[in-house]
Amino acid sequence: MGLTLFEKIWDSHLVGVREDGRELLYIDRHVVHDLHAPHAFKELARQNRQVRRKDLTVVVQDHTVATRSDIAIASENMQATQQACNDHEVVLIDHRGPQHGISHIISVEQGWAQPGKTLACPDSHASTVGALGCLAFGCGTTELVHILATQTMALVKPQQMRVLLTGHLRPGVNAKDVALHLIRTLGVTAGRGYAVEYSGPVIHDMDLEGRMTLCNMTIEWGGRTCLIAPDAKTVAWYEAQGLDISDDVLRCVIEQSGQLQSDPDARFDAEVTLDCSAVQPQITWGTDPSQTVNIHEEIPLPQNLDADQKMRLTQALDYMGLEAGQTLKGLPVQRVFIGSCTNARLSDLREAARVVQNRHVADNVVALVVPGSSKIKAQAEAEGIDRVFINAGFQWHSSGCSMCAGANGEVGLAGERCVATSNRNFENRQGRGVRTHLASPATAAASAIAGCIVDAENLKDLLA
């Protein structure tokens, strides 16, 4: 019987099996961010242990960095992170430098994530880099200390699921819409305990940055990690970024076989097929990403749901200030956030800028754009994208997690309704009492201009 791509990468990195049954996996690259770094390095010092592979470890400041120019960039976490990196002689990506950005975005930009390799990061969205065929795992602080000291991670080997996305996307529908539709269809726990491999015509058509958006959202339906087999688009993306890619990867892609593809007779523990040809622009109405509708669709009625779903619906509607059967189109919004590790890449900013061009943010809306990295910010500015947004009344920020994390003072006001391109719409995620609606960059941009929830397709009609 053949092997899946996941099994091939896992087996080639297997160090051994612990007495508790967990398997030790060698980690090729370790990316640490500022929320966990101070605690992990402090615990490492308490145990009198050293960083085993300083050359494979890098620390990023993204969660607690203020991205607004009028806020002083300083926090206890940042200072503690800087001190820890100095003490342990570990590379720190300076928040003022050209390499700065959100960890999951610059892991790809800097070439730390590579096809066929492993990566660990103390963040649940580590699987973003699965879009390149890099096997990544999120970890907690205790696991983080173990990785720092041993360059291995103890894991229960997940089951495997293949998600086949069929059909072809309609114009105006993108990877974020696919991700939200998938989560809506499967639910927030469907992927629990699974390593997911995405494939099918939709994946074939999707560019690398779209694939990153899809992989980023895998944890939102419970997936432990995810992969997409590298192809010619992967190689082209690395070359366009000026990044090195190994001869082995090139050979595997050219041959469309070998170590970086699942074998034709590989067995998955579960398989899901989802036709995406009818998917429309999606937006969340509730407080988890599965509570999603088409923009023109009504919020579900309780009589169509089971007892648990009814309870969750009632709680979500209460927090969001909505009613069952209501449509979101035309619902007033007060804030729009375009950014995060989900949708702050150059293609996302271009998509939003096309909607915004020669228009202006509604008077009742505070709108901000936060590029995913300093490199993306510089590229956007070279193309004049920053001027498109600024002239339209958007705030143009430096890179960082910003309103997605809410750990940097960048939050909304209680009662505000915010359309965001981030990945989580939990209660109080973007500020106490803030009501978050997840959507694509195009929908977020259109909503900022209209002052209410609308998709880009219908914005012209609304403004006519």
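Would you confirm, using the coordinates I've provided, whether residue 259 is more than 30 Å from residue 411 (Cα to Cα) and either free of Cβ contacts under 8 Å to residues at least 12 places away in the same chain or part of a helix (DSSP H, G or I) (or both)? Answer is yes for this residue. Just name the residue that is modelled with the lowest pLDDT out of those in segment 380-421 that are crowded, with 17+ Cβ neighbours inside 10 Å and β-branched (Val, Ile, Thr). For segment 380-421, the residue satisfying everything is 411.
For residue 42, indicate whether it is surrounded by fewer than 24 Cβ atoms within 10 Å (Cβ to Cβ) and modelled with pLDDT of 95 or more.
Working: surrounded by fewer than 24 Cβ atoms within 10 Å (Cβ to Cβ): yes; modelled with pLDDT of 95 or more: no.
Taking the combined requirement at face value, the residue does not satisfy it.
Within segment 94-111, the residues that satisfy the criterion of being surrounded by 22 or more Cβ atoms within 10 Å (Cβ to Cβ) and not in a loop (DSSP other than H, G, I, E, B) are 101, 103, 104, 105, 106, 107, 108.
Look at (1) over 18 Å from the mean Cα position of the chain (by Cα); (2) buried (at least 23 other Cβ atoms within 10 Å of the Cβ); (3) not aromatic (Phe, Trp, Tyr) and you find that residue 284 fails only one, number (1). Only a single criterion out of (1) in contact with a Ser or Thr (Cβ under 9 Å, 6 or more places away or on another chain); (2) small (Gly, Ala, Ser); (3) within 26 Å of residue 360 (Cβ to Cβ) is not satisfied by residue 316, namely (3).
Answer yes if at least one residue in segment 324-337 is in the same structural domain as residue 435 (by TED's automatic domain parsing), closer than 19 Å to residue 177 by Cα, of a type outside the set (A, V, I, L, M) and out of contact with any strand residue (DSSP E or B) (no Cβ under 7 Å at 6 or more places or on another chain), and no otherwise. Checked segment 324-337: at least one residue is in the same structural domain as residue 435 (by TED's automatic domain parsing), closer than 19 Å to residue 177 by Cα, of a type outside the set (A, V, I, L, M) and out of contact with any strand residue (DSSP E or B) (no Cβ under 7 Å at 6 or more places or on another chain). If I ask for residues that are touching a strand residue (DSSP E or B) at 6+ places or on another chain (Cβ under 6 Å) and more than 21 Å from residue 438 (Cβ to Cβ), which ones from segment 273-309 would you list? Hits for segment 273-309 are 273, 275.
Just to verify a result, which residue in segment 247-266, among those that are touching a Gly at 6+ places or on another chain (Cβ under 8 Å) and surrounded by 14 or more Cβ atoms within 10 Å (Cβ to Cβ), is modelled with the lowest pLDDT? Walk me through how you get there before you give the answer.
Keep residues of segment 247-266 that are touching a Gly at 6+ places or on another chain (Cβ under 8 Å), which gives 248-249, 251-252, 259-260, 262-266.
Imposing the further condition that a residue be surrounded by 14 or more Cβ atoms within 10 Å (Cβ to Cβ) reduces the set to 249, 252, 259-260, 262-263, 266.
On the way: 249: 70, 252: 66, 259: 75, 260: 91, 262: 96, 263: 95, 266: 97.
Here the answer is 252.
Report yes if some residue within segment 18-35 is touching a residue at least 12 places away in the same chain (Cβ under 8 Å), in contact with a Pro (Cβ under 8 Å, 6 or more places away or on another chain) and not in a loop (DSSP other than H, G, I, E, B); otherwise report no. Yes: segment 18-35 contains one or more residues that are touching a residue at least 12 places away in the same chain (Cβ under 8 Å), in contact with a Pro (Cβ under 8 Å, 6 or more places away or on another chain) and not in a loop (DSSP other than H, G, I, E, B). Within segment 143-163, the set of residues being in contact with a His (Cβ under 9 Å, 6 or more places away or on another chain) and part of a strand (DSSP E or B) comprises 152, 153, 154.
I want to confirm something. Restricting to segment 118-142 and keeping residues that are among the hydroxyl-bearing types (Ser, Thr, Tyr) and more than 14 Å from the chain's Cα centre (by Cα), which single residue is nearest to residue 203 (Cα to Cα)? Per the criteria, the residue is 118.
Kindly indicate whether any position in segment 162-185 is over 30 Å from residue 47 (Cβ atoms), touching an Asp or Glu at 6+ places or on another chain (Cβ under 6 Å), surrounded by 22 or more Cβ atoms within 10 Å (Cβ to Cβ) and among the aliphatic types (A, V, I, L, M). Yes, segment 162-185 has at least one match.
Whether a residue is outside any helix (DSSP H, G or I), among the acidic types (Asp, Glu) and either closer than 30 Å to residue 370 by Cβ or not assigned by TED's automatic domain parsing to the domain that holds residue 374 (or both) was assessed, and residue 62 passes this test. On the stretch given as segment 363-379, residues that are farther than 18 Å from residue 98 by Cα and surrounded by fewer than 20 Cβ atoms within 10 Å (Cβ to Cβ) total 3.
From the residues in segment 186-221 that are of a type in the set (Val, Ile, Thr) and under 19 Å from residue 339 (Cβ atoms), which one is surrounded by the most Cβ atoms within 10 Å (Cβ to Cβ)? Don't jump to the end; show me each part of the working.
Step one: filter segment 186-221 for residues of a type in the set (Val, Ile, Thr), giving 188-189, 196, 202-203, 213, 218-219.
In the following step, the residues that additionally are under 19 Å from residue 339 (Cβ atoms) were identified as 213, 219.
Details: 213: 29, 219: 23.
Step by step, filter segment 186-221, then rank; the result is 213.
Exactly one residue among 413, 346, 368 is under 22 Å from residue 107 (Cβ atoms) and in the same structural domain as residue 444 (by TED's automatic domain parsing), and that residue is 346. Of the residues making up segment 164-222, those that are in a helix (DSSP H, G or I) and of a type in the set (Gly, Ala, Ser) are 175, 179, 210.
The values are calculated or read from the model by the stated rules, or taken from the named source; none is laboratory data. Since this is a predicted model, take the numbers as computed values, not measurements. Positions of Cβ are generated from backbone atoms using ideal geometry, with glycine treated the same way; all protein chains shown enter the neighbour counts.
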